[in-house]
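The values are calculated or read from the model by the stated rules, or taken from the named source; none is laboratory data. Remember, it's a predicted structure, so these values are computed and weren't measured experimentally. Here Cβ is always computed from backbone atoms with ideal geometry, including for glycine, and neighbour counts include all displayed protein chains.
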There are 2 protein chains.
Amino acid sequence: MTVALPLTRRAFACAIFLIACCGQPFTALAQSDSLPSWNDGPARKAILDFVARVTTPGGPDFVPAAERIATFDNDGTLWCEQPAYFQLLFAIDRLRALAPKHPEWKTQQPYQALLDGDMKAFAASGEKGAAELIMATHAGMTTDEFAKIVADWTASATHPRFKRRYTELVYKPMLELLAFLRDNGFKTYIVSGGGVEFMRVFTERVYGIPPEQVVGSTIVTAYVIDDGRPVLMREAKLDFIDDKAGKPVAINKFIGRRPIFAFGNSDGDQQMLEWTTAGGGARFAGLVHHTDAEREYAYDRDSAFGRLDKALDEAAARGWTVVDMKKDWRRIFP
Amino acid sequence: MTVALPLTRRAFACAIFLIACCGQPFTALAQSDSLPSWNDGPARKAILDFVARVTTPGGPDFVPAAERIATFDNDGTLWCEQPAYFQLLFAIDRLRALAPKHPEWKTQQPYQALLDGDMKAFAASGEKGAAELIMATHAGMTTDEFAKIVADWTASATHPRFKRRYTELVYKPMLELLAFLRDNGFKTYIVSGGGVEFMRVFTERVYGIPPEQVVGSTIVTAYVIDDGRPVLMREAKLDFIDDKAGKPVAINKFIGRRPIFAFGNSDGDQQMLEWTTAGGGARFAGLVHHTDAEREYAYDRDSAFGRLDKALDEAAARGWTVVDMKKDWRRIFP
């Protein structure tokens, strides 16, 4: 018996046009091929289920594309953050480059400790020491000059353990997730404690995330006319720290919409995930749990960088998705 | 003689597909029909010429779509700002609504002056008085509550002279310009001295500009857990004024790219236009000059709101495009 398909020539033409134009019908159906670097498991399933729910027209959880905002932490969520935040390693490299012009650093903390590689003594200098390091290495130049310094560093510096450029130490499964969300109409943002002008140098090339979708910590800049040409000078003054409760504040200020999807990996992301899931309708909150000492690093409650303690308890209590890096990720780096 | 067109069947199919998908080839050609509320004149011509130059593939001034950032001031550029900034009129309406709960305002400045409609006495209270008015009317509630208050006001309040809702007093020629730029691959932003959370309530509906493309002045918000539910409380503390030199600073912080096209109408926009035009390649800077007392208002160098003085001189010196509202605009409001 032959079943007559009720597909007129015109309807067929329309269908071809729609598929050709946006690719959506195929994307939604092709989930079994999505996220190839993720092992089949609860984390991958939770992501695929959520995206299917919010993108099914007429479904109870459908969300219009304009409201599909997804926010990602950067350090430890999209790229590695050990043995220390990469921006801190950049600052130390920068300090070494500047040291010949600053002989006084040989006997001043935190500079002496950093130049000697004595991280214990640097840690003892606390937040004050960290702020001094940032200001000595990140301020006193124009925004264009700073971008050039960061670009040169990312092009040349290599990771002490993996011997690869830092921008190669991004997580392949997360790159796939970013692309998968964008294919499904999401707008992907970075919301990170890292410096916004540090990250923007490479986020478009590395993650496909343009500068205007990167939210981060900032220092004060001043508009100055220099020899008839306007420049923005980076001043040695903190403007905003985009971490912990600062993340929902920054999301509201920069994006002006509440995300429906958020991913982090540490206690610094807890409030972003709370804020995301407190909205109405379907919501997704995810945490990367670093459990793979062999291929990357294993750390959580006691780590100096990317501590995951309270947020891990809250994830269990609230049913947030926790990615077990060792079990859930087939590959780590591209 | 017949000229044989070298158009294969395959090439023809490709051309149809491209036109159907993005509409660009037609848009670029159809400039004579563009901006119908603009009279033929130097301002309209400068806009059309600029857009043609930066969107012509292979041309010397071509700019990739991702870098086609256009920034617009709001008050006096996209909507009317007389007899006073509309957000100030909102604040006064709000003050009146709150007055019954604040009997002390009857004898305190700047409240007494405002409740009596004595704008001269209010002006005498200076920046301090203005800040007190903003804090008394814009702080002390959650971000969601504030958005509701603004939405209710824009839906009901009417302009004293035109007797229309404030969101109807937007400039039709500028709405056409925003749409024309977007049709040509530009991303359109508002960069205004107005409050970002005030504007975001209506910018998507009125201008087609989504919340994440609105940059403005901000007050501090605090992340608070209220009865188990996270909220953002608006505090009576100024965070950032997005005016004058603050505009390039905010553009760099929020957008992270330099615009290639910027439009303003007052001295508050001068630095945004300087910053825009100081970049390399083709750049456009425009100013709306309010010259039409009959259909709107005529004001410039001496106006209390939207003063256009230094920027008008700079426009002449630098060849920025100055829109003569009376001559250049066929219609003012939609």
Against the definition (of a type in the set (Gly, Ala, Ser), within 14 Å of the chain's Cα centre (by Cα) and within 13 Å of chain B (Cβ to nearest Cβ)), how does A:Ser217 come out, yes or no? yes
A:Arg205 meets each of (1) more than 13 Å from chain B (Cβ to nearest Cβ); (2) under 22 Å from A:Ser37 (Cβ atoms) with one exception, condition (1)
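Of everything in segment B:96-118 that's in a helix (DSSP H, G or I) and polar (S, T, N, Q), which residue is farthest from B:His138 (Cα to Cα)? Talk me through it step by step, then tell me what you get.
Residues of segment B:96-118 in a helix (DSSP H, G or I): B:96-101, B:103-107, B:111-115.
Checking which are polar (S, T, N, Q) leaves us with B:107, B:112.
On the way: B:Thr107: 21, B:Gln112: 18 Å.
That would be B:Thr107.
Only one of A:Gly246, A:Gly268, A:Gly228, A:Gly195 is among the small types (Gly, Ala, Ser) and either within 18 Å of A:Ala151 (Cβ to Cβ) or in contact with a helix residue (DSSP H, G or I) (Cβ under 6 Å, 6 or more places away or on another chain) (or both); which?
Values: A:Gly246 fails: either within 18 Å of A:Ala151 (Cβ to Cβ) or in contact with a helix residue (DSSP H, G or I) (Cβ under 6 Å, 6 or more places away or on another chain) (or both); A:Gly268 fails: either within 18 Å of A:Ala151 (Cβ to Cβ) or in contact with a helix residue (DSSP H, G or I) (Cβ under 6 Å, 6 or more places away or on another chain) (or both); A:Gly228 fails: either within 18 Å of A:Ala151 (Cβ to Cβ) or in contact with a helix residue (DSSP H, G or I) (Cβ under 6 Å, 6 or more places away or on another chain) (or both).
The unique qualifying residue is A:Gly195.
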A:Val288 fails exactly one of (1) more than 13 Å from every other protein chain (Cβ to nearest Cβ); (2) surrounded by fewer than 20 Cβ atoms within 10 Å (Cβ to Cβ), namely (2)
Output the number of the condition that A:Pro248 fails; it satisfies all remaining conditions of (1) touching a residue at least 60 places away in the same chain (Cβ under 8 Å); (2) under 16 Å from the mean Cα position of the chain (by Cα). (1)
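Can you find even one residue in segment A:194-202 that is closer than 30 Å to B:Ala278 by Cα, more than 9 Å from chain B (Cβ to nearest Cβ) and not hydrophobic (A, V, I, L, M, F, W, C)?
Looking for residues that are closer than 30 Å to B:Ala278 by Cα, more than 9 Å from chain B (Cβ to nearest Cβ) and not hydrophobic (A, V, I, L, M, F, W, C), one finds at least one in segment A:194-202, hence yes.
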Among the candidates A:Gln109, A:Gln87, single out the residue that is modelled with pLDDT under 95 and either surrounded by 16 or more Cβ atoms within 10 Å (Cβ to Cβ) or over 23 Å from the mean Cα position of the chain (by Cα) (or both). A:Gln109
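With respect to A:Val150, determine if the residue is of a type in the set (A, V, I, L, M), buried (at least 20 other Cβ atoms within 10 Å of the Cβ) and within 12 Å of another protein chain (Cβ to nearest Cβ). Show your work before the answer.
Working: of a type in the set (A, V, I, L, M): yes; buried (at least 20 other Cβ atoms within 10 Å of the Cβ): yes; within 12 Å of another protein chain (Cβ to nearest Cβ): no.
No, not satisfied.
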Being within 13 Å of chain B (Cβ to nearest Cβ) and more than 17 Å from A:Lys187 (Cβ to Cβ) is the filter here; which residues of segment A:248-267 pass it? A:Pro248, A:Val249
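In this structure, is A:Phe122 within 18 Å of A:Arg165 (Cβ to Cβ), crowded, with 16+ Cβ neighbours inside 10 Å and not polar (S, T, N, Q)?
Values: within 18 Å of A:Arg165 (Cβ to Cβ): no; crowded, with 16+ Cβ neighbours inside 10 Å: yes; not polar (S, T, N, Q): yes.
So A:Phe122 fails the test.
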Matching option when the condition is within 14 Å of chain B (Cβ to nearest Cβ) and out of contact with any Phe, Trp or Tyr (no Cβ under 6 Å at 6 or more places or on another chain), among A:Thr137, A:Thr142: A:Thr142
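Can you name the residue in segment A:235-247 that is surrounded by fewer than 24 Cβ atoms within 10 Å (Cβ to Cβ) and closer than 18 Å to B:Thr143 by Cα and is also farthest from the other protein chains (Cβ to nearest Cβ) among such residues? Reasoning before the result, please.
Just the residues of segment A:235-247 that are surrounded by fewer than 24 Cβ atoms within 10 Å (Cβ to Cβ), to begin with: A:235-241, A:243-246.
Of the ones still in play, those that are also closer than 18 Å to B:Thr143 by Cα are A:245-246.
Values: A:Ala245: 4, A:Gly246: 8 Å.
Filtering first and then ranking leaves A:Gly246.
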